[in-house]
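The values are calculated or read from the model by the stated rules, or taken from the named source; none is laboratory data. Since the model is a prediction, treat every value here as computed from it, not as a measurement. Backbone-built Cβ (ideal geometry, glycine too); neighbour counts: all protein chains shown.
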Amino acid sequence: MTIEMCYNLMDADYKNVLERLMNDKLVYKYNKKFADSKDYDNLVNALAAKDYGVAFRMAHNLKGMSANLAYSGLQRVSSDLCEELRGGEPKIDVGPLMDSVTQKYNQVIEYIALMDEV
């Protein structure tokens, strides 16, 4: 499946990422690097351990990488989680926010796996 088709299916902005990275080869390369990142796993583990400082940093990393790769949906939900974790222990149950992050993250990873190498 083409990169553009995958972007359209994953609630992402292909034109935005192409403007930033200039060609499909780099878009493909950085999508694969994102898929290999351990930030999501580290976020899950930090939340389970109630290590909110690490959880914040991992949510912030996901938000930033999502912005750079124009994953609009994942950027929105990871930003919401990041803001709840800013400043330490959250004042609300972040489980539903994390569920949204997990759903969007898994969707992105699924479509990255389907991208044709360029």
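Criterion first (surrounded by 13 or more Cβ atoms within 10 Å (Cβ to Cβ), out of contact with any Gly (no Cβ under 8 Å at 6 or more places or on another chain) and in contact (Cβ under 8 Å) with a residue 12 or more places away in the chain) does GLU84 satisfy it? Let's see the steps before the verdict.
On the way: surrounded by 13 or more Cβ atoms within 10 Å (Cβ to Cβ): yes; out of contact with any Gly (no Cβ under 8 Å at 6 or more places or on another chain): yes; in contact (Cβ under 8 Å) with a residue 12 or more places away in the chain: yes.
For GLU84, the condition - surrounded by 13 or more Cβ atoms within 10 Å (Cβ to Cβ), out of contact with any Gly (no Cβ under 8 Å at 6 or more places or on another chain) and in contact (Cβ under 8 Å) with a residue 12 or more places away in the chain - is met.
So in region 76-118, with the set limited to residues that are closer than 22 Å to LYS32 by Cα and not in a helix (DSSP H, G or I), which one is modelled with the highest pLDDT?
MET115
Is there a residue in region 53-65 that is hydrophobic (A, V, I, L, M, F, W, C) and surrounded by fewer than 15 Cβ atoms within 10 Å (Cβ to Cβ)? I'd like the intermediate steps shown before the answer.
So in region 53-65, the residues hydrophobic (A, V, I, L, M, F, W, C) come out as 54-56, 58-59, 62, 65.
Checking which are surrounded by fewer than 15 Cβ atoms within 10 Å (Cβ to Cβ) leaves us with none.
No: region 53-65 contains no residue that is hydrophobic (A, V, I, L, M, F, W, C) and surrounded by fewer than 15 Cβ atoms within 10 Å (Cβ to Cβ).
In region 1-43, how many are modelled with pLDDT of 95 or more, aliphatic (A, V, I, L, M), within 16 Å of LYS104 (Cα to Cα) and buried (at least 16 other Cβ atoms within 10 Å of the Cβ)?
Number satisfying all stated conditions: 2.
Out of (1) of a type in the set (Lys, Arg); (2) out of contact with any Cys (no Cβ under 8 Å at 6 or more places or on another chain); (3) in a helix (DSSP H, G or I), the odd one out for LYS63 is which?
LYS63 satisfies all of (1) of a type in the set (Lys, Arg); (2) out of contact with any Cys (no Cβ under 8 Å at 6 or more places or on another chain); (3) in a helix (DSSP H, G or I) except (2).
Scan region 87-107 residue by residue and report those that are free of Cβ contacts under 8 Å to residues at least 24 places away in the same chain and surrounded by 15 or more Cβ atoms within 10 Å (Cβ to Cβ).
LEU97, SER100
If I filter region 40-53 for residues that are under 26 Å from MET1 (Cα atoms) and of a type in the set (D, E, K, R), do I get at least one hit? Walk me through it before giving the result.
Going through region 40-53, the residues under 26 Å from MET1 (Cα atoms) turn out to be 40.
Now restrict to residues that are of a type in the set (D, E, K, R): none.
No, every residue in region 40-53 fails to be under 26 Å from MET1 (Cα atoms) and of a type in the set (D, E, K, R).
May I ask you to list the residues in region 29-55 that are of a type in the set (Asp, Glu), closer than 25 Å to LYS91 by Cβ and in a helix (DSSP H, G or I)?
Our first condition is that a residue be of a type in the set (Asp, Glu); within region 29-55, this holds for 36, 39, 41, 51.
With the extra rule that they be closer than 25 Å to LYS91 by Cβ, the set shrinks to 39, 51.
The answer is ASP39, and nothing else.
Specify the residue that is farthest from the chain's Cα centre (by Cα); the eligible residues are those in region 95-118 that are among the aliphatic types (A, V, I, L, M) and farther than 14 Å from TYR7 by Cα.
Taking region 95-118 as the starting set, the residues that turn out to be among the aliphatic types (A, V, I, L, M) are 97-98, 101, 108-109, 112-115, 118.
Okay, now just the ones that are also farther than 14 Å from TYR7 by Cα, so 97-98, 101, 118.
Working: LEU97: 13, MET98: 12, VAL101: 8, VAL118: 22 Å.
Here the residue is VAL118.
Identify, please: which residue in region 66-81 is of a type in the set (Ser, Thr, Tyr) and crowded, with 22+ Cβ neighbours inside 10 Å and is, among those, nearest to VAL108 (Cα to Cα)? Break it down stepwise before answering.
Here is the first cut: in region 66-81, the ones of a type in the set (Ser, Thr, Tyr) are 66, 71-72, 78-79.
If we keep only those that are crowded, with 22+ Cβ neighbours inside 10 Å as well, we get 66, 71, 78.
Working: SER66: 10, TYR71: 8, SER78: 13 Å.
Top of the filtered list is TYR71.
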